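Okay, structure first, notes after.
The values are calculated or read from the model by the stated rules, or taken from the named source; none is laboratory data. All of these numbers come straight from a predicted model, not from anything done at the bench. Here Cβ is always computed from backbone atoms with ideal geometry, including for glycine, and neighbour counts include all displayed protein chains. Keep in mind that these areas ignore ligands, DNA and RNA; they rest on the heavy atoms of the full protein, side chains included. Shrake-Rupley method; radii C 1.70, N 1.55, O 1.52, S 1.80 Å.
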Amino acid sequence: QFGRTEVIDNTLNPDFVRKFIMDYFFEERENLRFDFYDVDSKSPNLSKHDFLGQMFCTLGEIVGSQGSRLEKSIVGIPGKKCGTVIVTAEELGCCRDSVLMQFCANKLDKKDFFGKSDPFLVFHRSNEDGSFTICHKTEVVKNTLNPVWQAFKISVRALCNGDYDRTIKVEVYDWDRDGSHDFIGEFTTSYRELSRGQSQFNVYEVINPKKKGKKKKYVNSGTVTLLSFLIETEVSFLDYIKGGTQINFTVAIDFTASNGNPLQPTSLHYMNPYQLNAYGMALRAVGEIIQDYDSDKMFPALGFGARLPPDGRVSHEFALNGNPQNPYCHGIDGVMEAYYRSLKSVQLYGPTNFAPVINHVARYAASVKDGSQYFVLLIITDGVISDMAQTKESIVNASKFPMSIIIVGVGPAEFDAMEELDGDVVRISSRGRFAERDIVQFVPFRDYIDRSGNHVLSMARLAKDVLAEIPEQFLSYMRVRGIKPSPAPPPYTPPIHVLQTQI
């Protein structure tokens with residue numbers, strides 16, 4: 001599942017606002033499936049809603065259609081016409097600016113029999129073929145003909161795809177509970193016009209073409225005024241990396257007994273001399289990508305759920321290299337070596353506690369809040385969490401610090417609790433406190449085992465999915481804290497060597 005649109009109430013002809021940004025590769029067949037549902041409750045579980053049909057196509061099919069606009073029948077319910085779907089694609093301009101705008105209106109038409117109107121604005125950007133796509137809806141301001149809407153932020157890409165002279169159409173509606181909103185009128189503008197800010201150029205007459213055609217004395221259905229217009233340049237993940245922010249990578253490995261005896265081929269920790277086990281594959285896949293962003297290539301590697309020599313005490317936070325004062329290993333190879341060494345010396349035990357290793361990394365992250373470092377903890381585990389309440393609390397606390405947590409589930413266990421920690425559907429909370437931001441990404445390793453036995457492929461897919469959310473989680477921390485990237489150092493110029501010649 002790549003994503004879901006918003007829900008639009010009470011309509012058989014919805015116009016969805018949410019966009020999905022996808023990479024397009026000319027040389028790959030990228031199969032897409034769109035499933036349609038009628039929402040009956042707040043449940044994120046699709047089986048609780050009515051299935052309305054589906055549409056299959058490829059990204060190339062959409063891009064290759066005339067005007068990059070594909071209209072296709074929805075199928076999937078035998079003997080029933082399920083309607084059609086229109087999908088449009090547009091290549092994104094590389095503009096990274098956002099604008100913060102605020103509007104108010106004056107003397108809008110009264111549409112409600114009782115009381116005044118409940119107005120809201122709908123913004124559309126024009127496409128290259130002259131059609132329009134919704135890009136923003138304001139909130140509804142109840143019972144007034146002179147509303148002031150809240151300021152809203154929108155990317156310039158979404159508003160006009162970076163083309164400053166492209167038409168922007170704004171419609172004004174009166175909200176109705178049953179979804180049949182009344183059209184008050186519309187006007188058009190452009191990014192270039194709006195960027196003049198508050199001025200006489202940015203007071204717009206709201207025109208209802210039907211009324212204008214019928215009534216000779218019709219002037220307008222009110223006016224809409226731009227109150228403010230602020231441009232913000234969005235910074236990217238790479239701006240911070242260029243400015244010197246380091247990504248610190250920590251690994252935590254599950255040494256609980258449910259993994260099976262490492263000497264047996266059935267064990268998830270089996271040390272096969274010819275190929276990596278699931279732990280090794282997950283570790284290498286993620287680590288080899290992250291290590292490029294860490295200049296000293298020294299990674300702390302921890303284990304949990306084992307009994308340690310010499311006295312057999314159980315630990316949920318031990319150094320794989322046997323040195324609690326300095327748990328750093330050199331490079332991913334060093335981590336792998338420490339992992340194999342500790343498998344030979346510790347006894348697999350239990351229970352499966354996550355909170356100690358999360359708190360371990362959070363302590364480091366809490367001490368570096370200036371944006372110079374960001375911490376990524378990779379937890380590889382085979383099973384069901386024993387300390388769910390403590391883990392939730394530690395994640396809620398950690399969400400305030402510059403860190404992200406990746407959980408890779410190996411083996412055949414049920415991972416329902418992990419999905420809950422992921423927080424993509426419901427924001428994670430503990431004792432009434434919600435996580436400040438989403439910092440956990442969970443994936444089950446079994447979804448990536450390549451049927452043909454090509455481990456390189458499985459590892460590439462795993463790394464791609466596991467790391468996909470990190471840049472956004474990283475940016476959300478920097479944004480909330482108001483941390484700007486440091487300026488990139490000047491490009492390197494080699495020293496000039498003066499050639500001395502002997503005469």
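Does Gly222 qualify as being surrounded by 14 or more Cβ atoms within 10 Å (Cβ to Cβ), within 30 Å of Pro14 (Cβ to Cβ) and not hydrophobic (A, V, I, L, M, F, W, C)? Considered against the rule, which asks whether it is surrounded by 14 or more Cβ atoms within 10 Å (Cβ to Cβ), within 30 Å of Pro14 (Cβ to Cβ) and not hydrophobic (A, V, I, L, M, F, W, C), Gly222 comes out as yes.
Every condition in (1) over 35 Å from the mean Cα position of the chain (by Cα); (2) open to solvent by 50 Å² or more (accessible area, probe 1.4 Å); (3) free of Cβ contacts under 8 Å to residues at least 40 places away in the same chain is met by Asn146 except one, and the failing one is (3).
Taking region 94-128 only, how many residues are part of a loop (DSSP other than H, G, I, E, B), more than 24 Å from Lys211 (Cα to Cα) and either open to solvent by less than 80 Å² (accessible area, probe 1.4 Å) or among the polar types (S, T, N, Q) (or both)? Don't jump to the end; show me each part of the working.
Applying the first criterion (part of a loop (DSSP other than H, G, I, E, B)) to region 94-128 yields 94-96, 107-118, 127-128.
Remaining after also requiring more than 24 Å from Lys211 (Cα to Cα): 94-96, 127-128.
From what's left, either open to solvent by less than 80 Å² (accessible area, probe 1.4 Å) or among the polar types (S, T, N, Q) (or both): 95, 127.
Number satisfying all stated conditions: 2.
The residue that is nearest to Phe120 (Cα to Cα), among those in region 199-229 that are assigned to a loop (DSSP other than H, G, I, E, B) and in contact with a Ser or Thr (Cβ under 6 Å, 6 or more places away or on another chain), is Val206.
Among the residues of region 174-181, is any farther than 14 Å from Leu108 by Cα, under 30 Å from the mean Cα position of the chain (by Cα) and surrounded by 14 or more Cβ atoms within 10 Å (Cβ to Cβ)? No - not one qualifying residue is present in region 174-181.
Return yes when Ser394 is more than 30 Å from Gln275 (Cβ to Cβ), free of Cβ contacts under 8 Å to residues at least 60 places away in the same chain and open to solvent by less than 70 Å² (accessible area, probe 1.4 Å) and no when it is not. Against the criterion (more than 30 Å from Gln275 (Cβ to Cβ), free of Cβ contacts under 8 Å to residues at least 60 places away in the same chain and open to solvent by less than 70 Å² (accessible area, probe 1.4 Å)), Ser394 qualifies. List, please: which pairs have Cβ atoms under 8 Å, are six or more places apart or on different chains, and start with a residue in region 188-216 that is more than 30 Å from Ile231 (Cβ to Cβ) and assigned by the TED database to the domain that holds Phe229 and end with one that is open to solvent by less than 10 Å² (accessible area, probe 1.4 Å) and not in a helix (DSSP H, G or I)? Cβ pairs passing all conditions: Asn208/Ile184; Asn208/Gly185; Asn208/Ser221; Lys211/Gly185; Lys211/Ser221.
If you go through region 377-409 and keep only what is out of contact with any Leu (no Cβ under 8 Å at 6 or more places or on another chain) and in a strand (DSSP E or B), you end up with Leu377, Ile379, Thr381, Gly409.
Criterion applied to Leu457, Leu462, Leu475 was being part of a helix (DSSP H, G or I), of a type in the set (A, V, I, L, M, F, W, C) and open to solvent by 30 Å² or more (accessible area, probe 1.4 Å), and the one residue passing it is Leu457. With respect to Glu232, determine if the residue is under 26 Å from Leu475 (Cα atoms), of a type in the set (Asp, Glu), open to solvent by 30 Å² or more (accessible area, probe 1.4 Å) and in a strand (DSSP E or B). In short, yes.
Just a yes or no: is a residue in region 76-87 in the same structural domain as Asp15 (by the TED database) and touching a helix residue (DSSP H, G or I) at 6+ places or on another chain (Cβ under 7 Å)? Spell out the reasoning first.
Of region 76-87, the ones in the same structural domain as Asp15 (by the TED database) are 76-87.
From the residues that got through so far, the ones that are touching a helix residue (DSSP H, G or I) at 6+ places or on another chain (Cβ under 7 Å) too are 87.
Scanning region 76-87 turns up at least one residue that is in the same structural domain as Asp15 (by the TED database) and touching a helix residue (DSSP H, G or I) at 6+ places or on another chain (Cβ under 7 Å).
Could you grab me the full set of residues in region 346-372 that are among the small types (Gly, Ala, Ser) and open to solvent by less than 30 Å² (accessible area, probe 1.4 Å)?
Result: Gly350, Ala355, Ala362, Ala365, Gly371.
Looking across region 410-454 at every residue that is among the polar types (S, T, N, Q) and part of a loop (DSSP other than H, G, I, E, B), the one that is most open to solvent (accessible area, probe 1.4 Å) is identified as Ser452.
A single entry from Tyr339, Tyr270, Tyr293 fulfils the requirement of being in contact (Cβ under 8 Å) with a residue 60 or more places away in the chain, assigned by the TED database to the domain that holds Ala463 and closer than 20 Å to Val408 by Cβ: Tyr339.
Scan Leu343, Leu283 and give me the residue that is open to solvent by less than 60 Å² (accessible area, probe 1.4 Å) and either in contact with a strand residue (DSSP E or B) (Cβ under 7 Å, 6 or more places away or on another chain) or assigned to a loop (DSSP other than H, G, I, E, B) (or both). Walk me through it before giving the result.
Details: Leu343 fails: either in contact with a strand residue (DSSP E or B) (Cβ under 7 Å, 6 or more places away or on another chain) or assigned to a loop (DSSP other than H, G, I, E, B) (or both).
Only one candidate passes the filter, namely Leu283.
Checked against the criterion of being buried (at least 18 other Cβ atoms within 10 Å of the Cβ) and outside any loop (DSSP other than H, G, I, E, B), the candidates Val170, Val141 yield just one match: Val170. Scanning region 346-376 for residues that are aromatic (Phe, Trp, Tyr) and either free of Cβ contacts under 8 Å to residues at least 12 places away in the same chain or in a helix (DSSP H, G or I) (or both) returns a single hit, Tyr364.
Considering only residues that are surrounded by 15 or more Cβ atoms within 10 Å (Cβ to Cβ) and touching an Asp or Glu at 6+ places or on another chain (Cβ under 6 Å), look in region 48-69 and name the one that is farthest from Arg33 (Cα to Cα). Before the answer, list the steps.
First, the residues of region 48-69 that are surrounded by 15 or more Cβ atoms within 10 Å (Cβ to Cβ): 49, 52-55, 57, 59-63, 65, 68-69.
From what is left, the residues that are touching an Asp or Glu at 6+ places or on another chain (Cβ under 6 Å) are 49, 52, 54, 59.
Values: His49: 18, Leu52: 13, Gln54: 7, Leu59: 10 Å.
Looking at the filtered set, the residue picked out is His49.
For residues that are at pLDDT 90 or above, in contact with a helix residue (DSSP H, G or I) (Cβ under 8 Å, 6 or more places away or on another chain) and not charged (D, E, K, R), scanning just region 21-40, find the one that is farthest from Phe2 (Cα to Cα). Looking at residues that are at pLDDT 90 or above, in contact with a helix residue (DSSP H, G or I) (Cβ under 8 Å, 6 or more places away or on another chain) and not charged (D, E, K, R), I get Tyr37. Restricted to region 79-88, and to residues there that are touching a residue at least 40 places away in the same chain (Cβ under 8 Å) and part of a loop (DSSP other than H, G, I, E, B), the residue that is farthest from Glu171 (Cα to Cα) is Cys82. Being assigned by the TED database to the domain that holds Tyr218 and either among the basic types (Lys, Arg) or over 29 Å from the mean Cα position of the chain (by Cα) (or both) is the requirement here; does Leu159 meet it? No, not satisfied.
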